[in-house]
Amino acid sequence: MSTLPPPMAEWLEMLETQRRYSAHTLAGYRRDLRLLCGHLGALPLEQASEGHIRQAIARQHAAGHQPRSLARMLSAWRGFYAWWAPRAGLNANPVHGVRAPKAGRALPKALSVDQTQSLLDRGGLPAPVTAIEWRDQAMFEVLYSSGLRLAELVSLDLRHTRSRGHESQSWVDLDSGDAIVRGKGGKSRSVPLGRKAIGALRQWLRHRPELALSPPRNDGDDAALFLGARGARISPRVVQKQLADLALKAGLPVHVHPHSLRHSFASHLLQSAQDLRAVQELLGHANISTTQIYTRLDFQHLAQVYDKAHPRAGRKPG
């Protein structure tokens, strides 16, 4: 194991004793600094230029290191020189202007249409009977029907409610077939609820009193659309567990997370309708570049996208 030059060893010691960096982080930094020293060879640290750094990172890239690993290396090198350059009287940090190659954005894992239908049709399992089963059916139909984030789902209220201890951020309107959702950045949007989702919600609401507590345990629990087994607003962890359990029972060959249904919603609409702007609006993406990870397609009308393309919408134009 090669010994690091004294300035690098001193920097790592400072990170350990003064900044309390973890042993795992320090070990990673030590490896990255050794790589830089190996590339510089006999060249003194103070003579390293931006060109030397670019050559070093290019060599590591050619050796098979992925963008995230390269970014971590550059972070270690940049941190060292940011600390050492003033002490050594250097004019600049040679790593300052060097950036790692951008990592490609992988397409989110979406279920196929057949897999999604099998999951929501319960894969040959008996139809829902209990309050918990109808709650789960309604939650999963809403996730796929409207492309909600998990946090948006659990924040839904029965209707818009304002009281001394609670004011609704998100709620459903079954008469109009819509949900009003406050998403990231505090931005609200209206999303449609398909026929299957509305039907499951109405069934769940018939059973909801079986789980509701009177009086409610926490502010807002009485307004919450979805409740846990103990009567409080359902937690994200319960939604994750119930969905994973249903996917397993339905025989799906993959782990299913609530975000899988959001990805499936977007992918299936884009495959059928080819309207990127509409899907951006439905998902609540601030930038269309976020939506473009699904595909790059032409634009059509928002209502036509949902009513004509969504596999479980079944909504008639008003």
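Condition test on A85, is it of a type in the set (A, V, I, L, M) and over 19 Å from T3 (Cα atoms)? Yes: the conditions hold for A85. Among residues of segment 178-207 that are aromatic (F, W, Y), those with a beta-carbon under 8 Å from a residue that is surrounded by fewer than 20 Cβ atoms within 10 Å (Cβ to Cβ) at least six positions away or on a different chain give the pairs W204/A131.
Working only within segment 38-65, note down all residues that are surrounded by fewer than 13 Cβ atoms within 10 Å (Cβ to Cβ) and closer than 20 Å to L26 by Cα. Matches in segment 38-65: G38 only. G220 passes all but one of (1) at pLDDT 85 or above; (2) crowded, with 17+ Cβ neighbours inside 10 Å; which number fails? G220 satisfies every listed condition except (1). Selection within segment 131-184: residues that are within 12 Å of L201 (Cα to Cα) and among the aromatic types (F, W, Y). The member of this set that is surrounded by the most Cβ atoms within 10 Å (Cβ to Cβ) is F140. Within segment 141-162, residues that are over 21 Å from A244 (Cβ atoms) reach partners that are modelled with pLDDT of 90 or more with beta carbons closer than 6 Å, at six or more positions or on different chains, in the pairs D157/W171; D157/L225; L158/L225; R159/W171; H160/W171. Checking each residue in segment 33-63 for being small (G, A, S) and under 16 Å from Y81 (Cα atoms) picks out A48, S49, G51, A56. A Cβ distance below 9 Å, combined with a sequence gap of six or more or placement on separate chains, defines the contacts here; from segment 117-137, residues that are at pLDDT below 90 reach residues that are of a type in the set (S, T, Y) in the pairs G124/S118.
The values are calculated or read from the model by the stated rules, or taken from the named source; none is laboratory data. Quick caveat: nothing in here was measured; it's all calculated off a predicted structure. Reconstructed Cβ throughout: ideal geometry from the backbone, glycine too, with neighbour counts over all protein chains shown.
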